[in-house]
Amino acid sequence: MDVLIQKAELVHVASLVELFLLVERQHEAYWPLRWQLRADISDRYHRWITGNLDKSDWLFAVALNGSRVVGGVAAGMQQEIPIYAYDRYAFIHDVAVAADFRRQGVATKLVEFVRQWSMEGGVNQLRLMAADANTSARELFSRLGFRTTYHEMVLPMVPGRECARL
C-alpha cells in the first residue's frame, strides 16, 4: 500500500467531507441525542474546512493513494483556560479512513502527521475524543500513546428522552 500524507488542498475538500461524514453518521448511530446531525451537515463541513484551510492554527491533511483521498484528519490549536501552566494544546477533531484502507496504518500516519505539526506549533499536548462505543478507535489511539484522562458524560435535558445505553 502506497499512501502519501500531505496538507489538504482545496481540491481535496469534497473527499474530506465525504470521509468525515462516515464518522459523523457512525456517531449518530451510537446515540442520536448526543450526535444528532443537521440536515445541511455537508455544506457546514465544506464551509468549515474551506474557511480554515489556510489558517496556521488549523491542519487539514489527507492520505493519498495516487490521486485518491483514502484518509483525512482535521486538527486545530486550541486555547486552554488560564488556570493551567500552558496556554494552548492541539486537538484532533476528525480522523477518517476509507473502509478498504483501514487496518493498514493510514490512521497512524495521519495522527503522526498531526503530532509533528503540533510539536512544530510549540504545544505540549495533543488531545482527541473517541466515542465509548468505538472500541477500535479507542484501541488505536491507546496504542499510539493517548491516555484516557476523563470521561465525557451527558445528561439528556429533553423530556421523555431518557439516557439510553450506548
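Only the coordinates and a few stated rules stand behind these numbers; no lab work does. Not measured: the values here are computed from a predicted model. FYI the Cβ positions are ideal-geometry reconstructions off the backbone, even for glycines, and counts take in every protein chain you see.
Points to keep in mind about this one:
- Of every Cα-Cα pair in the stretch 115-164, the percent that sits beyond 17 Å: 55
- Along the chain, longest interval not containing exposed GluC sites (Glu not before Pro), exposed being DSSP loop plus at most 16 other Cβ atoms within 10 Å: 81-151
- The chain, helix-only ellipticity at 222 nm - DSSP H runs n ≥ 4, -39,500 (n - 2.57), divided by all residues, nearest 500: -10500 deg cm²/dmol
- Placing pseudo-labels 7 Å out from each Cα toward the beta carbon at M129 and A14 gives an inter-label distance of 3.1 nm.
- Net length available on complete extension from A85 to R115 is 8.8 nm, with 0.36 nm assigned per residue and the Cα-Cα distance removed.
- Residue with peak Gaussian network fluctuation, the chain [Cα springs, cutoff 10 Å], from L155, L16, L140: L155
- Computed over every Cα-Cα pair of the chain and binned at 10 Å starting from 0, the pair-distance distribution P(r) comes out as 9, 36, 37, 16, 2, 0 percent.
- Label-point separation in nm, S67 to D40, each point 7 Å along Cα→Cβ: 3.2
- Chain lengthening between D54 and R102 when straightened (0.36 nm per residue, less Cα-Cα): 14.5 nm
- Cut-off of 10 Å, at most 10 other beta carbons, DSSP loop: longest stretch of the chain lacking such chymotrypsin sites (Phe, Trp or Tyr not before Pro): 1-83
- Loop-located trypsin sites (Lys or Arg not before Pro) in the stretch 57-151, at most 11 other Cβ atoms within 10 Å (DSSP): R103, R147
- With a Förster radius of 35 Å applied to the C-beta separation of L33 and F146, the computed FRET efficiency comes to 0.85.
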